[in-house]
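Asks: My questions all concern the structure below.
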Amino acid sequence: MRHKMFGGIHPAARKESTRRKALARMEKEPEWVILPLDQGGGGTAEALVRPGDRVLVGQPVAQGEGDGVPIHASVSGRVAAVEDQPHPWGDHFPAIVLQNDGRNTLSSKLPGPLALDTVTRAELIERVRESGIVDMGGSGLPIWNRLEGAVGRADTLIIDAMECEPYLSADHRLMLDKGRALMQTVRVLTRTLGPERAVMVIAGDKLNAVEAMERRLAMQEKGRVELRTMAARYPLDSEKQVVQAVTGREVPPEGVPVDVGCLVLNVATVYAIGQSLLKGLPLVRRAVTVSGGAVSRPRNLWVPIGTPFNDLLKACDGLKEPAAKILMGGPLRGVPQDDLNAPVLKTTDALVCLAEWELPKPVPETVCIRCGKCVASCPMHLAPVLLYQAARKQDWSRLPALHPQDCIQCGCCTAVCPARIPLALLVRTMQKQLEKGGEAS
């Protein structure tokens, strides 16, 4: 049975420049690698190395607090410093700076591969934890406790391969270039975690990936994994929306997919799990799309975690024209970048450099005309227009009833607003206001 998500939009895909380009290593890897101690939802890690120490690929160089996971050296070389460095989220954060020796020498202490047919659930979860694998689809939270929490609760495993945001094609290329390892990993996850069904969801505009996965499935036991194609409606690549589209279940506003019996894993996360099982490799590299009208040679690159954005652009022959806007991520959810010395994080799937002609024509912000487009497009059933009215009147007492904390920052409301009101930014401000108790600033 097919279900529909609520809301969403159909932005222009703009993937033509990279979707046919295979994942490739950089011809010249970065001389310096920057590993921020704050990589996402797992909190700040504690450095295990000091300046002058020698490190090898896969060696733990920092350990997360509590349930956090380690950060591993993505290149071999020397620790140059442990100091504040530019961060993709803005400002400066503590980071480990490695000077790359160019040898990519693997640590001799890496664990060996595990037998996929006999690996136990406990071995799988422990290997994922030791490998520093996080949710690479956005949140950056450690994935081992999500796997552990799904045992006995999740009857459906969903592999999210939608990748609906414009320009992004890294997950698409993982399916085409690394499909065998992906399907092997899905089979292991299904056997060890015990869901009743596993579903891989792919956007219908990725027909070559659909065909590639169908061929892989034909080589395996029938019924082991379902393949589902869906129209590329943004933000169907968000976990709550993909759960609704696949199962018809609605995740509570402050809940997670396992609350309704689902475990959702992004394609990049599944591939990282596979590398840890098949090769004993921790999370030290990831696929990154470098695209946009200002980029000379858009590509899909397989890069060390911690690669500065400047080096990504050099691997693409730089910019062919000035970039009007540079984003980590896509144009709807991406984080603007002012300092290209900031590095690739575990969650970085793209660097998008937009030329002036790719941006909407500048139109002055006007007053809300109450057209309701923001309400119709919001996948979380929110009413951005009412939040806008509360913000104008500074009526903070209304915020709890309007639920701004449920916003997933997809940017749909901003994209469709004819008055050009930056509604997504406004809702983020409302979230902070609510955290402060709804007091006026």
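The values are calculated or read from the model by the stated rules, or taken from the named source; none is laboratory data. All values reported here derive from a predicted model rather than from experimental measurement. When we count neighbours, we look across all protein chains shown, and the Cβ atoms used for this are built from the backbone with ideal geometry, even at glycine. Only protein heavy atoms, including side chains, enter the accessible area calculation; ligands, DNA and RNA are left aside. Shrake-Rupley method; radii C 1.70, N 1.55, O 1.52, S 1.80 Å.
Asks: Determine the principal axes of the Cα atoms in the chain, then give the extent along each, sorted from largest to smallest and rounded to whole angstroms.
Replies: 63, 49, 43
Asks: I need the trypsin sites (Lys or Arg not before Pro) found in region 201-240, filtered to DSSP loop residues with at most 13 other beta carbons within 10 Å of theirs.
Replies: Taking region 201-240 and a limit of 13 other Cβ atoms within 10 Å, the loop trypsin sites (Lys or Arg not before Pro) found are K222.
Asks: Name the residue, out of P235, P404, P30, whose mean-square fluctuation peaks in a Gaussian network model built on the chain with Cα pairs under 10 Å.
Replies: In this elastic network of the chain, the residue with the biggest mean-square fluctuation among P235, P404, P30 is P404.
Asks: Still on this structure, please answer the following. Quick one: which residues, 5 or more positions from A95 or on another chain, have an amide H under 5 Å from its amide H? H modelled 1.01 Å from N in the peptide plane, none for Pro or chain starts.
Replies: It is L37, E83, D84, Q85, by chain and number.
Asks: For each cysteine in the chain, check whether another cysteine's C-beta sits under 4.7 Å from its C-beta; list those where none does.
Replies: Flagged as lacking a Cys partner: C164, C262, C316, C353, C368, C371, C378, C407, C410, C412, C417.
Asks: Across region 110-115, in residue order, what do the Karplus-derived ³J(HN,Hα) couplings come to in whole Hz, using 6.51 cos²θ - 1.76 cosθ + 1.60 with θ = phi - 60° and x for Gly and Pro?
Replies: 5, x, x, x, 9, 6
Asks: Please give every one of the aspartates and glutamates within straight-line cross-link reach of K279, meaning a C-alpha to C-alpha distance under 18 Å, and leave out same-chain neighbours fewer than 8 residues apart.
Replies: Within reach: D117, E123, E126, E130, D177.
Asks: Considering only I305, L217, L359, whose Cα is most displaced toward the positive end of the charge dipole of region 207-363, charges sitting on Cβ of Lys, Arg (+1) and Asp, Glu (-1)?
Replies: Of the listed residues, the answer is L217.
Asks: In region 52-157, which trypsin sites (Lys or Arg not before Pro) fall in coil by DSSP and have 10 or fewer other Cβ atoms within 10 Å?
Replies: K109
Asks: Residue farthest toward the positive end of the dipole of the chain, with Cβ of Lys/Arg at +1 and Asp/Glu at -1: which of P30, V416, G77?
Replies: V416
Asks: Under 15 Å between alpha carbons, and skipping anything fewer than 8 positions from K28 in its own chain: which aspartates and glutamates qualify?
Replies: Result set, ordered by chain and number: D101, D311, D317.
Asks: Using modelled backbone amide H atoms (1.01 Å from N, in-plane), which distant-in-sequence or interchain residues come within less than 5 Å of D101's amide H?
Replies: Amide H neighbours of D101: S76, G77, R78.
Asks: Next up: For E214 paired with K393, estimate the spin-label separation in nm (one decimal), with each label point 7 Å from Cα along the Cα-to-Cβ line.
Replies: According to this spin-label approximation, the distance is 5.5 nm.
Asks: Let me ask another. Please report the antiparallel percentage of DSSP beta bridges with both residues in the chain, rounded to the nearest 5.
Replies: Here the antiparallel bridges make up roughly 65 percent for the chain.
Asks: Now a separate question. Once the Cα gyration tensor of region 310-441 is found, what semi-axes does its equivalent ellipsoid get, as square roots of 5 times the eigenvalues, in whole Å, sorted largest first?
Replies: Taking √(5λ) for each eigenvalue gives 32, 18, 12 Å, largest first.
Asks: Among the listed pairs K373/K436; K178/K325; K178/K346; K21/K320; K393/K432; K325/K346, give every one whose C-alpha distance is greater than 27 Å.
Replies: Details: K373/K436 29 Å; K178/K325 31 Å; K178/K346 18 Å; K21/K320 19 Å; K393/K432 17 Å; K325/K346 22 Å.
The answer is K373/K436; K178/K325.
Asks: Counting only heavy atoms of protein chains, what accessible area per residue, in Å², does region 1-56 have with a probe of 1.4 Å?
Replies: 62 Å²
Asks: Between K28, K346, K314, where does the largest GNM mean-square fluctuation fall for the chain, given springs only between Cα atoms within less than 10 Å?
Replies: Per the Cα network of the chain with a 10 Å cutoff, K28 tops the list.
Asks: When the expected Rg is taken as 2.2 N^0.38 Å, what fraction or multiple of it is the alpha-carbon Rg of region 373-441?
Replies: Compactness ratio reported: 1.00.
Asks: If amide H atoms are built 1.01 Å from N in the plane of the peptide, which residues on other chains or at least 5 residues away come under 5 Å of the amide H of Y234?
Replies: Close amide H contacts, sequence-distant or interchain: I9.
Asks: Using the Cα centre as the reference, give the magnitude of the dipole from point charges on the C-beta atoms of the chain (Lys, Arg: +1; Asp, Glu: -1; all else neutral), rounded to the nearest 20 debye. Don't skip to the answer; put the middle values down first.
Replies: Details: 54 positive and 49 negative charges, 250 e Å.
Dipole of the chain, to the nearest 20 debye: 1200 debye.
Asks: So what are the radius of gyration and Dmax for the Cα set of region 88-213, in Å?
Replies: 17.3, 48
Asks: So if I take the centroid of the Cα atoms in region 304-350 and the same for region 178-253, what is the distance between those two points in Å?
Replies: Region 304-350 and region 178-253 have Cα centres separated by 29 Å.
Asks: Could you run the Karplus curve 6.51 cos²θ - 1.76 cosθ + 1.60 with θ = phi - 60° over region 45-55 and give me ³J(HN,Hα) per residue in whole Hz, x for Gly and Pro?
Replies: With coefficients 6.51, -1.76 and 1.60, one gets 8, 10, 5, 9, 10, 10, x, x, 5, 8, 10 Hz.
Asks: Just read off the accessible area of M136 with the full protein assembly in place, 1.4 Å probe, to the nearest 10 Å².
Replies: For M136, solvent-accessible area is about 10 Å².
Asks: How large, in percent, is the carbon and sulfur part of the accessible surface of the chain at a probe radius of 1.4 Å?
Replies: Using a 1.4 Å probe with all protein chains present, the chain comes out at 51 percent carbon and sulfur.
Asks: Just to confirm my numbers, what's the Cα centroid distance between region 95-115 and region 390-415 in Å?
Replies: So the two Cα centres are separated by 45 Å.
Asks: Treating only the Cα positions of region 160-200 as identical point scatterers, give the base-10 log of I(q)/I(0) from the Debye formula at each q in 0.23 Å⁻¹.
Replies: Summing over Cα pairs of region 160-200 leads to -0.81.
Asks: Compare the Cα positions of I9, T229, G330 along the charge dipole of the chain (+1 at Cβ of Lys, Arg; -1 at Cβ of Asp, Glu; about the Cα centre) and return the one farthest towards the positive end.
Replies: T229
Asks: Okay, moving on. Could you grab the Rg to Rh ratio for region 43-103? Cα atoms only, Kirkwood for Rh.
Replies: 0.97
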